[in-house]
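What follows is a set of notes on a single structure, which appears directly below.
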Amino acid sequence: MMDIERIRAETPGLKHGIHLLACGSALAPQPVIDAVKHHLDLEAQIGGYEAHKAEDAMLDATYDSVARLIGARRHEIALLENATAAWCQAFYALPLKAGDRVITCQAEYAANYVAYLQRQKRDGIEIDVVPNDESGALDVQALERMITDRTALVTITWVPTNGGLVNPAAEVGAIAKKAGVPFLLDACQAVGQMPVDVEALNCDFLSATGRKFLRGPRGTGFLYIRDSWLQKLEPIMIDHFAAPWVTTDSYALRDDARRFENWENSYALRAGLKVACDYAMALGIEAIEERATMLADTLRARISELEGAKVLDLGAKQCAIVSFTIDGLDPHSTVTALRDKGITIGASSPDSTRLDAEYRNLREMFRAAPHYFNNEADLDALIVALKSQL
Ligand SMILES: Cc1ncc(COP(=O)(O)O)c(C=O)c1O
């Protein structure tokens, strides 16, 4: 059983208002904040390189913590500054050529889709989009039918930025594996709110961020690369950390996933990311998922009772992101008005998920994401505040 009062007591941001936007950038717990501050203080006291050296063992264990969180091995993890940097390292390293097809989903995130478009323009790849099934999730049977011998990559978003949909990532992974096609999974909105196991997912590459449901610091992200791909994938850019300069005429790429990193990093943020992983694992990811999902289900039910409200989450399985519109309320200005009342939710605009937005004719919508540290009183306050705007 989670000790919610203790969890809330060690979330200092809660003293300043109600935060229901874990899908944006969640409130960090005190141990994460302490880890970042401690390392910055140490850098101020003894110097950056010296602080790194003094804390080397702890900082190095960040790889173990991230690996544990997703069922990977430490040499399969690269630490990067955000999920997009991580995703791009894998995507752009893949040697896709003219005529190769990538298969993606309707819920695909903008950053990923513009990268497909760039490689379409530059390299001549082609983009296939799997339709949704009746529930609004990626249709796995359609995916199976769409794979041809020209399919070079299956690349999908597990949980979209704009709603509670949970795409059937493990089924997608099983299909990709059977077809012998690599699978790149954007797990940015999933990590920290639900169990993530790269073996069960059968993904070859997985990217995620620290600041969302994982409650880590901003400016952190990571990439998982399956061991069997490590030697095959050459980073698009290297430095002398990724590939030490071993003779005047040659370099030697690292054997591990850190060939996708650079020499210079924010070690204070890494310290925070490590603690965020350990914190989530200590609470138990299943327990986190159960509580966050329960709060989101409650919020969906309560919002749908508001006059003029429409809950827009897709899929048979839904997670802790709640998307909705309310007739007469402009999301952008309402979010600002609620913020002034000490309640944080967000808005999602069509251009972050353009395929989905155009297919469903979505305009800007509200986005709220309760996490396990929220409680029913937070939801009550949001409902009262929304009503007061009507
Ligand atoms: C589904 C999805 N993928 C990727 C990202 C990008 O993450 P980051 O901002 O850490 O690069 C986001 C951010 O909102 C997202 O929602």
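The values are calculated or read from the model by the stated rules, or taken from the named source; none is laboratory data. Since we're looking at a predicted model, the values are computed, not measured. Ideal geometry is used to build each Cβ from the backbone, glycine not excepted, and the neighbour counts take in all protein chains shown. Just so you know, the surface numbers come from the protein's heavy atoms only, side chains and all, with ligands and any DNA or RNA stripped out. Shrake-Rupley method; radii C 1.70, N 1.55, O 1.52, S 1.80 Å.
For this structure, a couple of remarks:
- Considering residues of segment 173-191 that are hydrophobic (A, V, I, L, M, F, W, C) and within 15 Å of the ligand (Cβ to nearest atom) only, the residue nearest to the chain's Cα centre (by Cα): C188
- Some residue of segment 133-152 being of a type in the set (V, I, T) and either within 16 Å of the ligand (Cβ to nearest atom) or under 20 Å from the mean Cα position of the chain (by Cα) (or both): no
- Selection count, segment 154-172, where residues are near the ligand (Cβ under 10 Å from one of its atoms) and hydroxyl-bearing (S, T, Y): 2
- Helices (runs of 4 or more DSSP H) enclosed by segment 3-107 - at least 3 residues per element that are open to solvent by 60 Å² or more (accessible area, probe 1.4 Å): 4-9, 30-46, 48-54, 56-60
- Residues that are among the small types (G, A, S) and not in a loop (DSSP other than H, G, I, E, B) were ranked within segment 126-175; the one that is surrounded by the most Cβ atoms within 10 Å (Cβ to Cβ) is A169.
- Output for segment 349-377, where each listed residue is in contact with a strand residue (DSSP E or B) (Cβ under 9 Å, 6 or more places away or on another chain), within 30 Å of Y279 (Cα to Cα), touching a residue at least 60 places away in the same chain (Cβ under 8 Å) and open to solvent by 10 Å² or more (accessible area, probe 1.4 Å): R367
- For segment 54-101, residues that are within 16 Å of the ligand (Cβ to nearest atom) and more than 23 Å from L214 (Cβ to Cβ) total 1.
- Picking from residues in segment 192-211 that are within 11 Å of the ligand (Cβ to nearest atom) and not small (G, A, S), the one that is least open to solvent (accessible area, probe 1.4 Å) is T209.
- Selection from segment 212-229 of residues that are under 11 Å from the mean Cα position of the chain (by Cα) and open to solvent by 10 Å² or more (accessible area, probe 1.4 Å): K212
- Filter result for E126 (touching a Gly at 6+ places or on another chain (Cβ under 9 Å) and over 21 Å from A320 (Cα atoms)): yes
- Only one entry in T325, T298, T334 is in contact with a helix residue (DSSP H, G or I) (Cβ under 8 Å, 6 or more places away or on another chain), open to solvent by less than 10 Å² (accessible area, probe 1.4 Å) and outside the structural domain of V140 (by TED's automatic domain parsing), namely T334.
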